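Structure first, then comments.
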Amino acid sequence: MNMDDETISAVGLRRDAMLEPDEVTAMLRLRKLGWGSKRLAREFGCSRTTVKRYLGAGRWQPYQRRVLRGMLAGHETWLRERFFRHRGNADVVRQDLARELGVVASLRTVERAVAGFRQQLAAEARATTRFETPPGHQLQIDFGEKRVCIGGDRVRIYVFVATLGYSRRPFTMAFRHERQSAWFDGMEAAFRHFGGVTEEVLLDNAAALVTRHDAATREVVFNDRLHAFSRYWGFRPRACAPYRARTKGKDERGVGYVKNNALAGHGFASMEALEQHLAWWMREIADLRCHGSTGEPPLQRFVRDEASKLKPLNGRPPFRQIRELVRKVHSDCAVEIDTNAYSVPWRLVGETVQVTVSAGRVSVFHVGRLVAEHAEAAGRHRRLTDPAHFVGVAGANGPVRRAETIEEPRLHLPELLRPLAEYEQLAGGRW
């Protein structure tokens, strides 16, 4: 049984890398009968090198591919940790590799080395670890913005959304801004709506509430005002990981639900009309729908299991009901509070005054006496003036008139003054 060279070149090369065990056994038997390596190669359709390898081993051996160890061999654990830390950014991993380990590699080399980790990272990003919080334990809050037609104009509004973690009962409220005061007012309105306070409040990394949140160490620094607010109401603030809203545990998409269901396609005559619509929507739609995760209406689940677990409000007034501030009157006869200017009598320019912000009113006191009062401005960079504060100032409306004098409180000290003779008697003689 012989094969010519053309048959070997056409068929044998494909089989050169590996022979079956029974073929190697037959090769060894034929070798004992005196067959040479050239004839055996022709017979089994492989190269003479392959024949000599099997004959030298005296048995069948599996083919072993030579493994090429690259410049990053041995750094697999380090590469994996840095790849996940930098959320799949291979170029940043390459920079760390050169800076920390002194290994200079091309971006393509690093990408090949971490290619096996990409699927794990993608799976982790898609995964949402669902957990069920007990009744009364957690309230999730967030803000979103949307343009809405109000009074015929397209106006940007900011929607505050709070969702109870157990019952999924929502609360929403519209604002003209997203400053810290809106966060506090929204939370207090939610507490009043639900009739109590949860153990903790979970929030995103809003600049109005969080001073710093380290993505690597997960260290969170809340600002002092939020700490004071949380102590006042008795809850524990908690922030989800930066850029990882899914770490909230439940991806409720509460803001999107409000924007796409409560506000979509609607226009309103005024902000008051918008607020009335949101109140109706919460009462008639959001509370009564069958929730996809719990399988029952949020209001039913709230009344049955969660309402009794909330900490009572005990008639506590709003946190921002009273603010006591100290301001210096500017040369424009005004004091500045939250970027807004409020006028005071012109004679107080340069004086230090006490300001109280309470129940939507701004009251200014000087030496204990009320000297000015205004309604609290709703926007920013506004100026509220009282014409009476500029009476007697050149250039004010009307002729220059003498302003009424603001009487300063006087110290009545007659009881502290004694005749000099009394002191002379006590001293035992004349001075």
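The values are calculated or read from the model by the stated rules, or taken from the named source; none is laboratory data. Predicted model only: the values in this text are computed from it and were never measured. Cβ atoms come from the backbone with ideal geometry, glycine included; neighbour counts cover every protein chain shown.
At a glance:
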item	result
Candidate set from the range 188-227 (those that are among the charged types (D, E, K, R) and at pLDDT 90 or above); member that is surrounded by the most Cβ atoms within 10 Å (Cβ to Cβ)	Glu188
Selection count where residues are surrounded by 18 or more Cβ atoms within 10 Å (Cβ to Cβ) and in a helix (DSSP H, G or I), scope the range 131-187	6
Unique residue being at pLDDT 80 or above and farther than 29 Å from Ser181 by Cα when the list is Val391, Val400	Val391
Lone qualifier among Val303, Val344 - being out of contact with any Gly (no Cβ under 9 Å at 6 or more places or on another chain) and surrounded by fewer than 18 Cβ atoms within 10 Å (Cβ to Cβ)	Val303
Residues (surrounded by 12 or more Cβ atoms within 10 Å (Cβ to Cβ) and over 30 Å from Asp185 (Cα atoms)) located in the range 347-368	Arg347, Leu348, Val349, Glu351, Val367
Which numbered condition Asp287 fails, given (1) over 23 Å from Glu188 (Cβ atoms); (2) surrounded by 14 or more Cβ atoms within 10 Å (Cβ to Cβ)	(1)
Residue within the range 362-373 that is of a type outside the set (D, E, K, R) and touching a residue at least 60 places away in the same chain (Cβ under 8 Å) present	no
Options Val362, Val357, Val353, Val326; residue that is at pLDDT 90 or above, in a strand (DSSP E or B) and within 25 Å of Phe175 (Cα to Cα)	Val362
